[in-house]
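Each reported figure results from applying straightforward, stated rules to the coordinates on display, with no laboratory input. Bear in mind the structure is a predicted one, so any value in this text is a computation, not a measurement. Methodologically, a virtual Cβ is constructed for each residue, glycine included, from the backbone with ideal geometry; neighbour enumeration extends over all protein chains shown.
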Amino acid sequence: MSIVSFLLILLIFLIDNIKEPLFGLKDGYAPHNFGLNLFIIGPSMLLSLILSIIVTVRIIKYWKVWPSSKSKYIFIGLALPAIIIYVDLLIRIFKY
């Protein structure tokens, strides 16, 4: 789940950076950017956040049961970018 979450984050940033050649959407044209964000980027980010939270909670819950500590840190490291992005987004929204 953490690998899927990390790959979704990479895919979202890739689509956002090449949306003009891929979909013909120019920066600053609000209706098409809103549609892209609403139907592609938003649900993907939400799914990535949910998967990251599930992975993090399961790793913390079964911390002592897992024999390999290296794999725990790798999975948490792959799951944390989505959580960090959402925390940053919430800080930016409620800061102003």
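Just a few scattered comments:
- Counting lysine pairs in the chain that sit 8 or more residues apart in sequence, or on different chains, and whose Cα atoms lie under 30 Å apart gives 5.
- ³J(HN,Hα) computed for each position of the stretch 56-67 - Karplus, 6.51 cos²θ - 1.76 cosθ + 1.60, integer Hz, glycine/proline x: 5, 5, 5, 5, 5, 5, 9, 4, 7, 7, 5, x
- For the chain, the residue among ILE59, ASN33, PHE23 whose Cα projects farthest onto the positive side of the dipole built from Cβ charges is ILE59.
- Assigned charges on the beta-carbon of Lys, Arg, Asp, Glu; the chain dipole about Cα centre (debye): 520
- Relative intensity, log₁₀ I(q)/I(0), of the chain from a Debye sum that treats every alpha carbon as a point, q = 0.11, 0.13, 0.25 Å⁻¹: -0.41, -0.54, -1.23
- Helix 69-95 vs. the chain, principal-axis angle (Cα, 0 to 90°, nearest 10): 40
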